[in-house]
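To start, the structure under review is shown below, and the notes come after it.
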Amino acid sequence: MQAKIDAMQTGIAITQFNLDSIEQNKIYSKQKGIYTREIEERFLIEAPIAGKLGDFIQKEKMAMDLFHKAQAQNMAPVFPAGILIHYDSTPVSYSFFFRVLNPPKENGQIIKIPRAIFHCLQAELTQETNVDKIIEENFQIQDQGTVIISNMILDKSHFDSRHSEIQVPQTTFD
């Protein structure tokens, strides 16, 4: 019985999170250029991407494997998902992420992104998109830090591109 109650409570939390995300995306979905956004603390499960970003379709399969792994561990993975670019490593490294609502206390794949003010820019990611160039042309990146590329769920889906928001932390509150 307790397991069923826990599963129902997780389902309610995921549903509420999704409703809140849809409302937030409505506020920011039509932004043009760089804008500022305060984003709450988040816990993400991540898995490294070998090499550069490359083939999004193949990489998305790898991301779904991460989603199922988090789900099997009762972490309540949710969208948004995306890519983390770690500028604090040499060479720069990339990883997939999913946000999780029930992060375990001890797990090396879980990272905490503190509540912060982010400079953001929306971009359509396609096979031809050079994400590194977009970031270089629009942001001043510190050698230490992580850039978040988070998908945005909009009214219409397009299978040949991914509407995403590039988030560069400016000020943290923790």
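In nm, what is the difference between 0.36 nm times the number of residues separating residue 18 and residue 171 and their Cα-Cα distance? Spell out each step's value before the answer.
Values: separation 153, 0.36 × 153 = 55.08 nm, distance 2.58 nm.
Taking residue 18 through residue 171 to full extension adds about 52.5 nm, to one decimal.
How many angstrom lie between the C-alpha centres of segment 118-143 and segment 23-45?
First find each Cα centre; the distance between them is then 15 Å.
Just rank 94, 87, fewest to most, by other beta-carbon atoms within 10 angstrom.
Numbers: 94 22, 87 16.
In order of increasing Cβ crowding within 10 Å: 87, 94.
Once you keep just the Cα pairs under 8 angstrom separated by 6 or more residues, what percentage relative contact order results for segment 2-172? Walk me through the intermediate numbers first.
Values: 288 pairs, mean separation 48.4, N = 171.
Once normalised by length, the contact order is 28 percent.
Could you point to the label whose value was computed as Rg and Dmax of the Cα atoms in Å for the structure here, given [x] 14.7, 46; [y] 17.0, 58; [z] 16.1, 55?
Among [x] 14.7, 46; [y] 17.0, 58; [z] 16.1, 55, the one derived from this structure is [z].
Could you pull out which residues in segment 71-111 have an amide N less than 15 Å from a spot 7 Å beyond the Cα of residue 29, following the Cα-Cβ vector?
80, by backbone N distance to the label point.
Full extension from residue 71 to residue 130: what is 0.36 nm times the residue separation minus their Cα-Cα distance, to one decimal in nm? Walk me through the numbers on the way to the answer.
Details: separation 59, 0.36 × 59 = 21.24 nm, distance 3.11 nm.
Stretched out fully, the residue 71 to residue 130 stretch lengthens by 18.1 nm.
Which residue fluctuates the most in the chain, going by a Gaussian network model with Cα springs under 10 Å, if the choices are 80, 114, 91?
91
Mind putting a number on the dipole of the chain about its Cα centre? Charges go on the C-beta only, +1 for Lys and Arg and -1 for Asp and Glu, and I need it in Debye to the nearest 20. All intermediate terms of the calculation are to be shown ahead of the outcome.
Details: 17 positive and 22 negative charges, 73 e Å.
Computed about the Cα centre, the dipole is about 340 debye.
According to a simple spin-label model (label point 7 Å from Cα along Cα-to-Cβ), what is the distance in nm between residue 87 and residue 151?
Rounded to a tenth, the inter-label distance reads 2.6 nm.
Among the lysines in the chain, how many pairs, 8 or more places apart or on different chains, have alpha carbons under 26 Å apart?
Lysine pairs, 8 or more places apart or on different chains, close enough: 22.
At residue 138 and residue 64, where each label point lies 7 Å from the Cα along Cα→Cβ, what is the point-to-point distance in nanometres?
Label-label distance for residue 138 and residue 64, simple model: 2.8 nm.
Here, each number is a calculation from the coordinates, and none is a lab measurement. Owing to the predicted nature of the structure, the values given are computational and were not obtained by experimental measurement. Note that we place each Cβ from the backbone using ideal geometry, even for glycine, and neighbour counts take in every protein chain shown.
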